[in-house]
Structures are given as C-alpha cells and as structure tokens.
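Participant: Have a look at this one before I ask anything.
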C-alpha cells in the first residue's frame, strides 16, 4: 500500500470526544501527524464524512479539530485528515508530536487524562 501521509506519524495515547448525531462519543487518539490522526472508538462513521472532535491535552486544555474520515473499521475506529488547521491548532499538534518524540521512542505513547466539561 502506498504511503499517502505528508508528515511523520507518531504513536500517542490521547483521550478525545467526537460529536455524533446521537451525542458525544469517547475515543482515544492512537497515532498522530500534522495531517491527521486515528481515533480508536466503537462509534460508527463512513469515509468522506466530516467529524468534529476535541482532544484532551496533557496540560488539561482541549484542542478542537475537524477532519474528513479517510478510512474506517467497524467498531474499531477511523482515520481522519485534518481540515483547515489554524496556526494555534498546528502549534498544539506540533507540541504533541514533539512530546511524543522526546519520550524516547515513537512506540512509547504520551498520555493525557480525559477531563469532563
């Protein structure tokens, strides 16, 4: 399979919540790049769908993102390509990627605990 990612993908472990037609659905982001991420979740979606989600950052803040579902696996999760990132969003993703790199290995995840609103 041809690699289509434009930037390096790193293993992370970040709690997230994404919006569905039935309310909010919990997820865990298990890999991340500047171009997109993978949300590990039992929620259903389909390729081409636009999803909105927020990521719990290690400092307790939230990062709000939007992405297009590029692929999905039923009851497992889905990969998204970020849409129109603002500079502040890019900076926060870069900070997460730097933290993952500094953890010593791309296979050692960084973590953030989910904080309820």
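Participant: What spacing in nm lies between the two simple spin-label points modelled at residue 42 and residue 68, each 7 Å away from Cα in the Cβ direction?
Facilitator: Calculated label separation equals 3.1 nm.
Participant: Roughly how many Å is it from the Cα centre of region 47-70 to that of region 15-36, as a whole number?
Facilitator: 5
Participant: Find the Rg to Rh ratio for region 10-110, where Rh is the Kirkwood radius over alpha-carbon pairs and Rg uses the same atoms.
Facilitator: With Rh from the inverse mean 1/r over Cα pairs, Rg/Rh is 0.94.
Participant: For region 10-110, what does the relative contact order come out to in percent, with C-alpha contacts under 8 Å and a separation of six or more?
Facilitator: 28
Coordinate-derived values only; no laboratory data. Remember, predicted model here, so these are calculated numbers, not experimental data. Glycine also receives a Cβ, built like all others from the backbone with ideal geometry; neighbour counts cover every protein chain displayed.
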